[in-house]
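Read the structure below first, then the notes.
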Amino acid sequence: MSVETAYDYLYTGALIWLSVLILFMLVRSIMGPRITDRLLAINMIGTLVISCIAVLSRLLDESYLIDAALIYAMISFVSVLILAMIYIPVRQTRGKFEKDARKEIRAERGIRGSVTESGSPEYKAGKEAEKPAYEKGNAGLDNGRDTQQDASLQEKGGSRT
């Protein structure tokens, strides 16, 4: 057995294996319980077809098939992006998560009141919320020194310089 016939057997086996995997992915794209499973299966089919074209290029010694595989890769990539934009809602959930994240940050900082879409605090009439530290101006600082720390130092008899 020569090296060329060994490569022919290897390439033929690879093509058979890739075609079986394409069939499995076709079944997965039909039976997938969620749309994301179907999109991933379609993307995987595209990748396997590109691999088949590359193996065929080596088996048949035709270099133009590599160009066809590259063009197919670009088309497959764009088609999966378009399908993902159509079937997976991005904008609807994004705003909800950002608003929830802003509420959690405000709760951690102890800021009461609701948050507007722009992220600025909105104070309700009747239930006046405490202003955040950045709106207080000086925020408890006296000429760059903390007044509570100065008071504790004065009680101990020390001075802060």
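Annotations for the structure displayed:
- Karplus-derived 3J(HN,Hα) values for region 51-58, using 6.51 cos²θ - 1.76 cosθ + 1.60 with θ = phi - 60°, are 5, 4, 5, 5, 5, 4, 4, 6 Hz; glycine and proline are entered as x.
- Spin-label model distance (nm) - Asp8 vs Phe77, 7 Å beyond Cα toward Cβ: 3.6
- Likely footprinting exposure, Glu108, Glu62, fewest C-beta neighbours within 10 Å first: Glu108, Glu62
- All Cα-Cα separations within region 3-87 were binned at 10 Å from zero, giving a P(r) of 18, 40, 28, 11, 2, each value a whole percent of the pairs.
Every number here is computed from the coordinates shown, using simple stated rules; none is lab data. This structure is a prediction, so every number in the text was calculated from the model and none was measured. Ideal geometry is used to build each Cβ from the backbone, glycine not excepted, and the neighbour counts take in all protein chains shown.
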